[in-house]
Amino acid sequence: MQGAGSFIVEETITSVVVSCLEEDTVISPSLSHHTSVHGLTAQFSRYGLKAIYVAFIHIVLLGHVSSLLDDIRYENSELEESAGYYVSSSSMGNRFTGLDEMDEDAWTMVQKSGNQFIVNGQPFYVNGFNTYWLMVFAVDQSTRGKVSEVFQQASAVGLSVCRTWAFNDGQWRALQTSPSVYDEDVFKALDFVVSEAHKYKIRLILSLVNNWEAYGGKSQYVKWGKAAGLNLTSDDDFFSHPTLKSYYKAHVHTVLNRVNTITNITYKDDPTIFAWELMNEPRCESDPSGNKLQAWVEEMAFYVKSIDPKHLVEIGLEGFYGPSTPNKVQYNPNTYAQQVGTDFIRNHQVLGIDFASVHIYPDSWISQSISDAHVEFTKSWMQAHIDDAENFLSMPVVFSEFGVSTKDPGYNATYRDTLISTVYRTLLNSTKKGGSGGGSLLWQLFPEGTDYMDDGYAVVLSKSSSTSNIISLQSTRLKTFNSLCSWRCRWGCKRKHALENFHYHDEL
């Protein structure tokens, strides 16, 4: 059934076609697929070959967007009150089947152009997720299938990017058992993760070390240093001691130059990898000025780029404002946040850093008990960083961790859906304007049977239909934006024309 959505997309195509023409073109914008053969003949007679050219573009665009409408059309159902989104659950399971089928020639590196991600010169807005333990699960044949399972489920709802660990230092199933000494079986497990991600057309953000003790982290590097006879007094010596920095650089060198034993592609040449993350949630509390961490970011960003100039690089920050922007600290969740040695704007102005990262955890930063204040904080926190990414950094920003714990007092599924919807809506508002909101990564996606790994934030799609529907619709929206932009840009139109007229965004 053709409803308002079809009319609006037709209207959008008309504006796209018109904007593709030179300013002095007089072709009628009313030309549409409803025009009769007689009418077309008259148009052609009047305007000649230019009309033929425009009509051809119009027809091709109409067919392309009509197929997109088939993908995103859903039954006339009321939006869920708590979430504001709804997708017909009967169509969710196969909604993205075949949508991302691309030949190998199209599987190219993600790049950055201004404040946008691009692939093959076309916009690439991200709807993604975190599953940090993939490498460890892939080591054991009895759990390896869970890696495939989570990628399959993520792909089914259109998730396109996964953030995971490319480290496990000195722990159980360690990748790096001691400085520059690796367990080949674990490395082969990481090879499998990369290969399997490619199979499901999911790109990876690979984090290279942890700030926290889980999976080793900077404290393990300090332990290794002490075992080597170094006089170290703080875990933050990781950021400044030459030997510890050399340990980290050696790990970076090894991972980036790894040749995948399954695909035979060197990691630094593999388009499956979206970006390298220097560290998960770096903090240097011993130096609130931020100078020590700033120097480390400068050195390591340069080092990563010296080995791999093709891939994007990000820091892994939580997004706290620091001493360089005292007028911004009002957006921090608490006063302690400006004392942890990070500085959102200053850190991201480092040469070699391609996009900004921000995390969103009001239940950890403000209060554990669920409240409406958490939603309001999320809105202001996101908007401040989107604005700063546009006005000061000229780069995309990815909200690379966000979620809510089932262990929080007052938790319920409705609230989780509300929080996720708030993140998605804020990003869509940026997307519609061509802003710096590059995407988000839900913390975290789990398949069934992995409850023992759950930190409270796990989302099991098969057990969370409302959340799954919200995620699926966000994926559809972003894919639609990407596709409209790609067709428009292919014909040389200005970005703003299509998106400003893309009212279907508001209907959704």
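Using C-alpha positions alone, give me the convex hull volume of the range 414-457 per residue in cubic angstrom. Walk me through the numbers before you get to the answer.
Numbers: hull volume 3.8 nm³, N = 44.
Here the figure is 86 Å³ per residue.
Measuring between their Cα centroids, the range 257-321 and the range 158-189 lie 15 Å from each other. Over the range 309-348, the alpha carbon radius of gyration divided by the compact-protein estimate 2.2 N^0.38 Å works out to 1.29. Note that the range 311-382 carries a Kirkwood radius of 13.0 Å, evaluated over its alpha carbons pair by pair.
Find the Rg to Rh ratio for the range 341-401, where Rh is the Kirkwood radius over alpha-carbon pairs and Rg uses the same atoms. Provide the component values of the computation, followed by the final result.
Working: Rg = 12.8 Å, Rh = 12.5 Å.
Answer for the range 341-401: 1.03.
ASP237 sits among other residues whose Cβ lies under 12 Å from its own Cβ, and their net charge, with Lys and Arg +1 and Asp and Glu -1, is +2. Taking the Cα centre of the range 221-380 as reference, the dipole from Cβ charges on Lys and Arg (+1) and Asp and Glu (-1) amounts to some 420 debye.
Remark: relative contact order (the range 353-425) = 44 percent; criterion is Cα-Cα distance under 8 angstrom and separation of 6 or more residues.
Gain on full extension, evaluated as 0.36 nm per residue between VAL181 and GLU448 minus their Cα-Cα distance, stands at 92.7 nm.
How many times 2.2 N^0.38 Å is the alpha carbon radius of gyration of the range 190-272?
On the way: Rg = 15.6 Å, N = 83, 2.2 N^0.38 = 11.8 Å.
Cα Rg divided by the expected 2.2 N^0.38 Å: 1.32.
Rounded to the nearest 20 debye, the dipole magnitude of the range 417-474 is 500 debye, with +1 charges on Lys and Arg beta carbons, -1 on Asp and Glu beta carbons, and the Cα centre as origin. Just the protein heavy atoms count here, and of the accessible area of the range 126-166 at 1.4 Å, carbon and sulfur take up 46 percent. For the pair SER464 and ASP140, label points projected 7 Å from Cα toward Cβ lie 2.4 nm apart.
Accessible surface comparison of TYR267, TYR336, TYR215, probe 1.4 Å, protein chains only, largest first: the order is TYR336, TYR215, TYR267.
What's the FRET efficiency of ASN327 with SER286 using the Cβ-Cβ distance as r and R₀ = 30 Å, to the nearest 0.05? Display every interim value, and only then the final one.
Working: r = 25 Å, r/R0 = 0.85.
It comes out at approximately 0.75.
A Cβ-based charge dipole, computed about the Cα centre of the range 282-374 with Lys and Arg at +1 and Asp and Glu at -1, lands at about 160 debye.
Neighbours of ASP270 by Cβ distance under 11 Å: Lys/Arg scored +1, Asp/Glu scored -1, total +1.
Cross-link reach is defined here as a Cα-Cα straight distance under 23 Å, omitting same-chain residues fewer than 8 places apart; for LYS223 the lysines meeting it are LYS245, LYS249, LYS292.
Kirkwood's formula applied to the C-alpha pairs of the range 110-165 gives a hydrodynamic radius of 12.8 angstrom.
The Rg/Rh ratio for the range 355-442 is 0.99, where Rg is the radius of gyration of the alpha carbons and Rh is the Kirkwood radius. Tally Lys and Arg at +1 and Asp and Glu at -1 over the other residues with C-beta under 13 Å from the C-beta of SER369: what net charge comes out? Here the count lands on -2. Above 23 Å, the calculated P(r) of the range 256-363 contains 34 percent of its Cα-Cα pairs.
Between the residues ASN412, HIS385, LEU428, the greatest Cα displacement towards the positive end of the dipole of the range 384-480, with unit charges on the Cβ of Lys, Arg, Asp and Glu, is found for LEU428.
What does the extension gain come out to for THR261 and LYS226, with contour length at 0.36 nm per residue minus their alpha carbon separation? Numbers along the way, then the final one.
On the way: separation 35, 0.36 × 35 = 12.60 nm, distance 3.40 nm.
Taking THR261 through LYS226 to full extension adds about 9.2 nm, to one decimal.
Alpha carbon centre of the range 324-355 versus the range 365-410: separation in Å? Using only Cα atoms to place each centre, the spacing works out to 14 Å.
Got a sec? Which residues in the range 297-340 would a label at LEU351 touch, if it sits 7 Å along Cα→Cβ and we count backbone N under 20 Å? Zone members listed by number: 297-315.
The values are calculated or read from the model by the stated rules, or taken from the named source; none is laboratory data. Keep in mind it's a predicted model, so treat the numbers as computed, not measured. Glycine gets a Cβ as well: all are built from the backbone with ideal geometry, and neighbour counts include every protein chain shown. Surface areas here come from the heavy atoms of the whole protein model, side chains and all, with no ligands, DNA or RNA. Shrake-Rupley method; radii C 1.70, N 1.55, O 1.52, S 1.80 Å.
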